[in-house]
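*Asks:* Quick one: structure below, then a few questions.
The values are calculated or read from the model by the stated rules, or taken from the named source; none is laboratory data. No experiment lies behind these values; they were computed from the predicted model shown. Because the Cβ atoms are built from the backbone with ideal geometry, glycine has one as well, and the counts that use them run over all protein chains shown.
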Amino acid sequence: MGSLTISRNLFILHLTVVVWGFTGILGNLISISAIHLVWYRVLIAFVSLACYFWFKRQSFAVGQKELMQFFFTGGLVGLHWVLFFESIKVSTVSVTLVCLSSITLFTAVIEPLFYRRRTSKMEVLVGLLIIVGIYLIFKFEGQYVKGIVLGLSAAMAAALFGTINSKLIKKNEATVISFYEMLGAWLWVSLFMLLSGGFHGGLKTTGSDVLYLLLLGIVCTSGAYVAAVSVMKEISAFRVALASNLEPIYGILLAWLFFGQSEKMSAGFYAGAIIILGTVFVYPVVRYQLAKRKSQREISPKA
């Protein structure tokens with residue numbers, strides 16, 4: 001029964017990662033601008049999470065300090081998504097997803113600052129390899145420079161709010177954090193739109209846009225998030241991290257399936273992508289094995 005439960009949860013986890021990979025496809029299919037797309041996405045996400053709390057009869061009350069932390073972190077989440085979808089709209093899904101994989105590089109730089117620890121040699125090596133991959137993409141896909149810069153900026157924002165959330169999760173429920181951060185993202189994006197005149201005409205959508213936005217907000221955001229949290233009860237954080245690193249690969253395969261020729265890149269791009277994705281995928285495996293060996297040495301009896 002135990003192995004059957006784990007197998008079922010692994011299937012749910014990989015299905016969730018495929019759904020996350022589908023986010024880029026929807027971003028390309030939706031006709032409205034990136035800022036309006038994100039406004040709808042976070043609105044639908046926090047409303048659907050509110051319905052989830054109501055259905056579960058679960059309280060989502062928090063203190064004033066936590067509320068402010070979630071509110072400002074939500075601003076980073078909103079910024080990340082605006083940059084992400086804008087990158088897709090000015091380049092391709094493949095370019096954006098590969099650039100987004102550099103989250104590992106930015107996390108390796110940001111995390112030691114938050115936790116006041118030294119950067120490990122392995123993290124430096126990972127960073128250098130990812131930089132080499134990014135250089136190749138810049139060199140061979142010069143027509144997508146704006147999209148690459150936006151994609152890398154989105155990765156940096158994601159690394160920043162991800163590091164903050166790694167602290168917040170120690171004292172708060174993941175679904176509660178997500179609800180308030182979605183609300184915070186919506187308020188920040190609304191404020192930007194109010195100041196920039198974005199509410200004048202930009203929110204008009206087509207019938208297909210409405211369908212895609214509902215899929216994006218409910219299935220790809222709220223539903224996928226709740227599913228990912230639920231499987232963590234049975235699956236180790238290592239397995240979750242490893243599966244999550246498949247997101248850009250699934251996304252690129254889906255992009256080829258949906259958009260065909262427009263997603264085909266140069267050989268240099270794929271060389272850079274292989275370096276980045278390979279490094280990102282192998283990194284947690286090597287780190288896990290090193291931590292396992294260190295733990296075994298510490299508990300083994302001394303001669």
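*Asks:* Here are some conditions: (1) in contact with a Leu (Cβ under 9 Å, 6 or more places away or on another chain); (2) assigned to a helix (DSSP H, G or I). Ile35 meets all but one. Which one does it not meet?
*Replies:* (1)
*Asks:* Looking at region 224-237, I want the residues that are over 11 Å from Arg8 (Cβ atoms) and at pLDDT below 70 and have a partner that is part of a helix (DSSP H, G or I) and of a type in the set (Ser, Thr, Tyr) with Cβ atoms under 8 Å, at least 6 apart or on another chain. Which pairs are those?
*Replies:* Listed by first residue and then by second, the contacts come to Val229/Thr175.
*Asks:* Related question: Would you point out the residue of region 61-76, among those that are crowded, with 16+ Cβ neighbours inside 10 Å and of a type in the set (A, V, I, L, M, F, W, C), that is nearest to Ala154 (Cα to Cα)?
*Replies:* Here the answer is Leu76.
*Asks:* Check Leu203 against each of (1) among the aliphatic types (A, V, I, L, M); (2) modelled with pLDDT under 90; (3) part of a helix (DSSP H, G or I) and name the one condition it does not meet.
*Replies:* (3)
*Asks:* Another question, then. Could you check, for region 58-68, whether at least one of its residues is on the phi > 0 side of the Ramachandran plot and at pLDDT below 95?
*Replies:* No, there is no match, as no residue in region 58-68 is on the phi > 0 side of the Ramachandran plot and at pLDDT below 95.
Matching residues to (1) among the hydrophobic types (A, V, I, L, M, F, W, C); (2) over 26 Å from Val240 (Cα atoms):
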| residue | (1), (2) |
| --- | --- |
| Leu10 | yes, no |
| Gly27 | no, no |
| Ser31 | no, yes |
| Gln64 | no, yes |
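*Asks:* Please find, among Thr16, Thr5, Thr107, Thr23, the residue that is modelled with pLDDT of 90 or more and either surrounded by fewer than 20 Cβ atoms within 10 Å (Cβ to Cβ) or under 17 Å from the mean Cα position of the chain (by Cα) (or both).
*Replies:* Selected residue: Thr23, the only one of Thr16, Thr5, Thr107, Thr23 that is modelled with pLDDT of 90 or more and either surrounded by fewer than 20 Cβ atoms within 10 Å (Cβ to Cβ) or under 17 Å from the mean Cα position of the chain (by Cα) (or both).
*Asks:* Residues of region 52-101 being closer than 30 Å to Ile276 by Cβ and among the hydroxyl-bearing types (Ser, Thr, Tyr), which ones?
*Replies:* Once the filter is applied, which keeps residues that are closer than 30 Å to Ile276 by Cβ and among the hydroxyl-bearing types (Ser, Thr, Tyr), region 52-101 yields Thr73, Ser87, Ser91, Thr92, Ser94, Thr96, Ser101.
*Asks:* Assess whether Tyr115 counts as being closer than 30 Å to Ser208 by Cα and hydroxyl-bearing (Ser, Thr, Tyr).
*Replies:* Taking the combined requirement at face value, the residue does not satisfy it.
*Asks:* Only residues that are crowded, with 19+ Cβ neighbours inside 10 Å and in contact with a Gly (Cβ under 6 Å, 6 or more places away or on another chain): list them for region 139-194, please.
*Replies:* Glu181, Gly184, Ala185, Trp188, Val189
*Asks:* Within region 26-43, can you find the residues that are buried (at least 22 other Cβ atoms within 10 Å of the Cβ) and over 17 Å from Val93 (Cβ atoms)?
*Replies:* His36, Trp39, Tyr40, Val42
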